[in-house]
Amino acid sequence: MGLLLIPKRGSLILFASYALKHLGANVPSSEELEWCIGPPLVDSFSILLKDAGEKLILEAVELYRVNFKKKGLLECFLYEGIVDVLNKLTERNFSIYLATAKPKVFADEILKNLNIYDLFSNVYGSELDGTRNNKTELIDYIIKKEGLIRAETVMIGDRENDIVGANNNNILSCGVLYGYGSKAELIEADADIIISKPEYLLDIF
């Protein structure tokens, strides 16, 4: 959801640190945990807890989610101008779908808290059991579920996994620099388009 929301960066890193500390694992510095913001939690903890085993990794994910449900859901803010962009795209008859690695139940609550849930044609995320937490799998699911035409579908995102997911599904990708991903990351992932501000989406569509 990096193209829409500003999660409180410090809190997300704190949640990850808490989970690692609780499990007695090495806790990297805040700077070293920056890359964890965006990708699926299970993937991040699989790297942070390398060779720890699936049970411990899933325990870390659950510890993170406990804190996220208590605090993180209410600590998200919209990027300036994004609501206007969504409204104008809707006026231009574009269908807008949310594709997030966050569990759908969390995504729904965040969007409703911010009063933007109704701006989306539908909202898609992973399930709490890890189903569809991979962007390639999630995008493919949305395309098939909604009957989308791949040549007319664009994935907009701020991290490598968004762009890779789009490329793996043979749809166009638009990387945004106002999220957490860097320009180098988006270029390396082979984004078709890269923009720096939300309003530039209106120039594309």
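A short reminder: the numbers here are calculations on the coordinates, not readings from a lab. Quick caveat: nothing in here was measured; it's all calculated off a predicted structure. A quick note on method: Cβ atoms are made from the backbone with ideal geometry, for glycine too, and the neighbour counts reach across all protein chains shown.
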Worksheet item: Taking every DSSP beta bridge that has both residues in the chain, what percent is antiparallel when rounded to the nearest 5?
Response: 20
Practice prompt. Add +1 for every Lys or Arg and -1 for every Asp or Glu among the other residues with Cβ under 13 Å from the Cβ of Ser173, and state the total.
Written response: -4
Worksheet item: Where in the chain lies the longest segment free of trypsin sites (Lys or Arg not before Pro) that are both loop residues by DSSP (not H, G, I, E, B) and have at most 11 other Cβ atoms within 10 Å?
Response: 93-205
Worksheet item: Given Cα pairs under 8 Å that are at least 6 residues apart, what percent is the relative contact order of the chain?
Response: 19
Worksheet item: To the nearest 10 degrees, how steeply does helix 104-113 sit against the main Cα axis of the chain, on a 0 to 90 scale?
Response: 70
Item to complete: Sum up the charges of everything whose Cβ sits under 14 Å from the Cβ of Val42, counting Lys and Arg as +1 and Asp and Glu as -1, but leave Val42 out.
Response: -1
Item to complete: Would you work out the charge dipole size for the chain about its Cα centre, treating the Cβ of every Lys and Arg as +1 and the Cβ of every Asp and Glu as -1, and quote it to the nearest 20 debye?
Response: 520
Fill in: Charge dipole magnitude, Cβ of K and R +1, D and E -1 - the stretch 1-113, Cα centre, debye nearest 20
300
Response to the item:
Contour minus Cα-Cα span, Leu128 to Asn170, at 0.36 nm per residue, comes to 12.4 nm
Discussion item. Here is the link list: Lys88/Lys197; Lys104/Lys183; Lys112/Lys183; Lys50/Lys112. Which ones come out longer than 24 Å on Cα distance?
Written reply: Lys104/Lys183; Lys112/Lys183; Lys50/Lys112
